[in-house]
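Presented below is the structure to which this report refers.
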Amino acid sequence: MKKKQYVVVGLGRFGSSLSRELMKLGHEVLGIDLDEEVVNDMSDELTHSVVADATDEDVLKSLGIRNFDCAVIAIGDDIQSSILTAIVMKDLGVSQVVAKALSELHGKVLTKLGVDRVVYPERDMGIRVAHQLVTPNLLDYIEISKDYTIVELSVPKRLCGYTIQQLDPRAKFGCSVVAINKQTGVIIAPQAGDVVNENDIMVIIGTNNQINEFESQVIG
């Protein structure tokens, strides 16, 4: 899995959770917040953390924001700052901008501004979003215990026609395909000879490490 650089603006509960998980997944994270105490608390957990006003274009330029792979706007309850930050990020040419919305209307505004993805904290936990950012084919991520996870992965075109035996996730990675969701129906406990096609959805269970290995080496 290629290491990416993320900038997370707003280190509240959502932003800090997302930042920590991105770090756990092996990526670099720059955290930005106006609260010095919050920044200091996160300084040992992130690649870099700074006290800064993300609505100030000159400040973001000085931080080299345009060179980051993805910007996540996780500002708490200041809708105006969220919108202004989105505008600045898009103007600076950040390749992917993701923003947290506080309401449906806020989300519509962010979408009209060209934000690539809008997330809602009520529906999207920080950990789940982190995995979805890193793995585009990941549709859902559910942590069922400290160590075990269930994920839904969309089958990419290059794996079309592969059998479960050819993928062999259990022998290679230790995780198991427990279901395949096809347009024609759901196959529960698929057999070795069952075939996956493009856009089928595989439901996989395993430890966090097993899932991460399968995602990076097979799904990519």
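The values are calculated or read from the model by the stated rules, or taken from the named source; none is laboratory data. Everything quoted here is computed from the prediction, not taken from an experiment. Cβ atoms come from the backbone with ideal geometry, glycine included; neighbour counts cover every protein chain shown.
Details
- Of all residues in the range 96-109, those that are among the polar types (S, T, N, Q) have Cβ atoms under 8 Å from Cβ atoms of residues that are in a loop (DSSP other than H, G, I, E, B), 6 or more apart or on another chain, in 96/69; 96/116.
- The sole residue among 30, 46 that is touching a residue at least 24 places away in the same chain (Cβ under 8 Å), surrounded by 18 or more Cβ atoms within 10 Å (Cβ to Cβ) and not in a loop (DSSP other than H, G, I, E, B) is 30.
- Subset of the range 173-204 (residues that are closer than 28 Å to residue 23 by Cα and either charged (D, E, K, R) or without any contact (Cβ under 8 Å) to a residue 60 or more places away in the chain (or both)): 173, 174, 175, 176, 177, 202, 203, 204
- Per-region count, the range 151-172, residues outside any helix (DSSP H, G or I) and either in contact (Cβ under 8 Å) with a residue 24 or more places away in the chain or over 22 Å from residue 213 (Cβ atoms) (or both): 10
- Candidates in the range 173-220 are the residues that are exposed (fewer than 15 other Cβ atoms within 10 Å of the Cβ) and assigned to a helix (DSSP H, G or I); of these, the one that is modelled with the lowest pLDDT is 217.
- Count - residues of the range 143-155 that are over 21 Å from residue 26 (Cβ atoms) and either within 19 Å of the chain's Cα centre (by Cα) or at pLDDT below 65 (or both): 5
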